[in-house]
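This report concerns only the one structure given below.
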Amino acid sequence: MDKLKRVLSGRDAEEPSGLAEVIDATSLGWGTRVKGFVACFAIGCLCSLLGSCLLWVPKKRLILFAVFYTLGNIASIGSTFFLMGPMKQLKRMFEPTRLIATIVMLVSI
């Protein structure tokens, strides 16, 4: 029965390859993906808010703002990797219809 399941799922090889083991080991359940998204997005929003608040600190305020705001943006964008997966998200970001917006956003960061 297990062999039939492997054949129907496309894994008809007797020994799973190293890449297949890595993919199986790193796949996340939907609940874990949502938790990762929420945590990463919350950290991103917190960093962005902290960066905006640090604009009022005397001396080095622009440096602190730039660092925390950039980290917040990266974390917020990275949070979508949990929902779609990193490769699918990157493929969608670099589709021809979204290419200009992606380039502008990356250059802005």
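Where a number appears in this text, it was derived from the coordinates with a stated rule and is not lab data. Keep in mind it's a predicted model, so treat the numbers as computed, not measured. With ideal geometry, Cβ positions are generated from the backbone for all residues, glycine too; neighbour counts draw on all protein chains shown.
Ordered by residue, what ³J(HN,Hα) values in Hz, to whole numbers, does region 36-49 give under the Karplus form 6.51 cos²θ - 1.76 cosθ + 1.60, where θ = phi - 60° and Gly and Pro are x?
Result, rounded to whole Hz: x, 4, 4, 5, 5, 5, 5, 5, x, 5, 5, 5, 5, 5.
Hey, for a label at L83 modelled as a point 7 Å past Cα toward Cβ, could you say which residues of region 31-55 have their backbone N under 12 Å away?
34-35, 37-38, 41
Across region 84-91, in residue order, what do the Karplus-derived ³J(HN,Hα) couplings come to in whole Hz, using 6.51 cos²θ - 1.76 cosθ + 1.60 with θ = phi - 60° and x for Gly and Pro?
9, x, x, 5, 5, 5, 5, 4
Using 0.36 nm per residue of separation minus the Cα-Cα distance, give me the extension gain between A42 and V57 in nm, one decimal.
Working: separation 15, 0.36 × 15 = 5.40 nm, distance 2.31 nm.
Extra length from A42 to V57 when fully extended: 3.1 nm.
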